[in-house]
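Have a look at the structure below, then the notes.
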Amino acid sequence: RADAAILFRLDGEARILRAAAGAGQVSPDLVADLEVPVGRGASGLAAAKERSVWTANLYDDPRVPVPDDVKQRMRQEGLRSVLAVPLLIQSGEVFGALAVFYRSERAFADADVELLSAFGTQASVAIENARSFDHLALKAGHDAALQDFCLRLLEAPDEAAILRDAASVTTALLGADCVGILRHDATADYLRLDAGLGWKPGSVGVATVPPTEWFAGEAFLHRRSVEVADLGREQFANPPLLAAHGIRSGIAVPFGIREQPLGVVVACYRAPHRFSDEESRVLTSLAHQTALALEKVRLYAELQAGLAELKEMQAQLIQADKLTALGTLLSGMAHELNSPLSTIEVSIELMKRQASLPGPVRARLDVVEKECERASQIIRSLLVFARRTPPERRPVDVTDVIRAALTLQAPEFDLNHIRVVTSLDPIPRIWADPHQLQQVLLNLFSNAVHAMKSAHGRGVLTVRSSDAGATVSVAVEDDGPGIPAAHLGRIFDPFFTTKAAGEGTGLGLSLSFGIVESHGGRISAENIAGAGARFTVTLPVVERPEVAEAAPSPVVPATRCARVLVVDDEDQLRKLVTEVVIGLGHQVEETPSGQDAVARLASHDYDVVLLDVRLPDLDGKAIWRRLLVDRPALAARVVFMTGDTMSAETQAFLTEAGRPVLTKPLTIERIQRAVNEALTAPSVHEGART
Ligand SMILES: Nc1ncnc2c1ncn2[C@@H]1O[C@H](COP(=O)(O)OP(=O)(O)OP(=O)(O)O)[C@@H](O)[C@H]1O
Ligand SMILES: [Mg+2]
């Protein structure tokens, strides 16, 4: 039957009791802002001493000192006596106090005290239950939000999306004024505000803080969460970033992957704030999920890059494979064509030596000879294409090669209204064949010119070079129509062309590919967004390998009449060679068969053996190996003839044999030179037999 009742709640930090609810004859104004310090007034004393306190006259009781402002307000309400009991929750902690007031002056009996205490206890239990419930509900709300966050992270496409989402979820869950995700930059050793909410414009993505300077740094360095309830009171310095935003309190939680610390998530407030376990739990979980998601995105990007590289490598391998197959075909063709061509060429030379030849016939022979030379040239370039001609490498200044190729093509550029732009970085010399590199550039230039000319009758060609340490690269860009996506995978294929018949063979790029590949480099094509195509040639900067340079042999005149054996299965060619050698004043035996050659070599001595590498029965290689064992002196007299300039195997064999090689198509001068060379070269003597 009290006139009024007020429930107070303890603010432990401020050491005051605040009115939380009221009943009976009290004005709502009173309940709204009534405060009593702990230890003063009946409620303050009850909370401090954790026992019931009463006074019959709260205006004048020395045992219960009431602050003057409280007395004044009680007087306004007309309340005179009061009984207060503490509200204790299960942990024994004081939650607040419950006070009943009377208008009259009255003393309280033990029964009154007991009754209110009992009620207070019940109220405490109910309050505690309600608080637990609220807490659980809050936690459940947080967990649901975190779970949603995790689901979104699974689909986050990139780092930026993850960081943005993490900042907004943190803001929503912790109700913080400023939220930041700071990541550590190992090179500069600072934490950078990579994402956040609530900061002034120009802070996010820009602001940096040394890790040693503030509480977030402490969290990062010591890998533990740090809470600062009031920056003004604690030992942490207040960095300019926080001062500029009027931050008073904050919590920082580190995040990382395995042993690797990555950064810190911070939530800051403009007022002092005591952090609950729940807030710290939420932030820790959020930071952890963010770190995992960032790592996922990083690994994914790494995987993509690896995959792209693998795909490119695969494409290069396939291309190289096609070229190898074609190379084998071309090498065979070259062999077949070189022999008849040799026959024709040598025949012409012999015919032209006849003084009695009528003028018109001689002129016709000149034409035939020229055409033969052209055919040889075509075969040679096919062999270059088939990569049967290894690069003749030397230290090369690529910038010089680019300039030379540009100069060569200059008239073509002028004619087609092409403006050339260069951006050439200084690059180190590389070990390469300058002619072959020039060939590659000329192919790229002429393709670009053709593309630009046919698209708009003019254009800009840009050539860039750059040095990437282990490699150098040259990019050739045009502003033509670009390469249709469907063609991108085929342009390096031999004979792929979009040019009209007679305009292009489709060999330019595959030839270039072969050359670049034989230099251990790469060539790739791409379209430039909105403008033309870009071809990039990347070449390794390799040291000059240790190889002995072969000095060119001088032409030595024949000194004596020698005995020569010619072994070649091509009848026409063998007969011609024989004729030529006889013409040089030597004595010649000839045979189309390897077996027969072996028989002759076993029983006769020769000064020179002209030996075709490929023979139908026993080939030149086998004959040479037998000679090495049985007649080493004769082995030292062998000159090999070969038409397929040359398969890798033949090449290896010839290098190993170390004998002179006469490559077809032949000419009289070359036959002469080879025979003389063999005659004058020092040889292994075989005692009685030589
Ligand atoms: N800069 C470019 N812009 C657009 N398409 C290009 C470019 N360079 C090459 N191509 C395409 O690639 C194809 C193949 O080029 P490649 O140099 O191998 O042969 P080609 O130029 O057609 O003939 P060739 O070089 O033997 O005269 C071309 O026909 C063209 O379709
Ligand atoms: Mg071309």
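The values are calculated or read from the model by the stated rules, or taken from the named source; none is laboratory data. Keep in mind that this is a model prediction, so the values were computed, not measured. When we count neighbours, we look across all protein chains shown, and the Cβ atoms used for this are built from the backbone with ideal geometry, even at glycine. Protein only, heavy atoms only, side chains kept; ligands, DNA and RNA dropped before computing areas. Shrake-Rupley method; radii C 1.70, N 1.55, O 1.52, S 1.80 Å.
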* Table column - 3J(HN,Hα) (Hz), the range 49-56, Karplus curve with 6.51, -1.76, 1.60, x for Gly and Pro -> 8, 6, 8, 6, 9, 9, 8, 6
* Which shape class, rounded, prolate or oblate, goes with the range 580-651 when its Cα gyration tensor gives a ≥ b ≥ c as root eigenvalues, a/c under 1.5 marks rounded, and past that a/b bigger than b/c marks prolate? -> oblate
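Have a look at the DSSP beta bridges in the chain and tell me what percent are antiparallel, nearest 5. If you can, show how the numbers build up before the last one.
Details: 77 of 100 bridges.
Percentage antiparallel, nearest 5: 75.
Given R₀ = 51 Å, FRET efficiency for Asn57-Arg270 by Cβ-Cβ distance, to 0.05? Don't skip to the end; give the middle numbers.
Details: r = 44 Å, r/R0 = 0.87.
For R0 = 51 Å, the calculated efficiency reads 0.70.
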* **Value of relative contact order over the range 1-101, rounded to a whole percent, pairs C-alpha under 8 Å and six or more apart** => 30 percent
* To do: Give the peptides 573-584, 437-448, 121-132 in descending order of average Cβ contacts within 10 Å, highest first.
  => 437-448, 573-584, 121-132
* For Leu310, Leu611, write out the residues from largest to smallest accessible area, computed with a 1.4 angstrom probe and no ligands counted. => Leu310, Leu611
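Can you work out the accessible area per residue across the chain, with the rest of the protein chains kept in place, probe 1.4 Å, in square angstrom? Working shown, then result.
Working: 34580 Å² over 690 residues.
Result: 50 Å² of accessible area for each residue.
Would you please put 65-77, 41-53 in order of how densely packed they are, using the mean number of other Cβ atoms within 10 angstrom per residue and starting with the highest? If you can, show how the numbers build up before the last one.
Details: 65-77: 14.8, 41-53: 23.2.
Top of the packing list down: 41-53, 65-77.
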* Please give the solvent-accessible surface of His417 in Å², to the nearest 10, using a probe radius of 1.4 Å with every protein chain present. => 110 Å²
* Excluding residues fewer than 8 places away in the same chain, name every one of the lysines whose C-alpha is closer than 29 Å to that of Lys499. => Lys311, Lys322, Lys370, Lys453
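On the accessible surface of the chain, probed at 1.4 Å, how many percent belong to carbon and sulfur atoms? Don't skip to the answer; put the middle values down first.
Values: 18830 of 34580 Å².
Carbon and sulfur: 54 percent of the exposed surface of the chain.
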* Asked: Say R0 is 25 Å: what FRET efficiency, to the nearest 0.05, do Thr497 and Ala315 get from their beta-carbon distance?
  -> 0.80
* Asked: Nearest 0.05, what FRET efficiency do Arg490 and Met333 give at R0 = 22 Å with Cβ-Cβ as r?
  -> 0.40
* Label Thr121 and Asp148 with points 7 Å out from Cα along Cα→Cβ: what is the distance between them in nm? -> 4.4 nm
* Asked: For the chain, which cysteines have no disulfide-compatible partner, meaning no other cysteine Cβ under 4.7 Å?
  -> Cys150, Cys372, Cys561
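Do the sum for the chain: with -39,500 (n - 2.57) for every DSSP H run of n ≥ 4, divided by all residues, what is the mean residue ellipticity at 222 nm, to the nearest 500 deg cm²/dmol? Mind showing how you got there, number by number?
On the way: 19 runs with 320 residues, N = 690.
Helices in the chain give a 222 nm mean residue ellipticity of -15500 deg cm²/dmol.
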* Across the range 272-287, in residue order, what do the Karplus-derived ³J(HN,Hα) couplings come to in whole Hz, using 6.51 cos²θ - 1.76 cosθ + 1.60 with θ = phi - 60° and x for Gly and Pro? -> x, 8, 8, 8, 8, 4, 5, 4, 5, 4, 4, 5, 4, 5, 4, 5
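Per 0.36 nm of contour for each residue apart, how much would the distance between Ala404 and Ala14 grow if the chain were fully extended, relative to their Cα-Cα spacing? Display every interim value, and only then the final one.
Values: separation 390, 0.36 × 390 = 140.40 nm, distance 8.49 nm.
Extra length available between Ala404 and Ala14 comes to 131.9 nm.
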* To do: Taking H placed 1.01 Å from N in the peptide plane, check which residues at least 5 places from Phe95 or on another chain put their amide H under 5 Å from its amide H.
  => Leu87, Leu88, Ile89
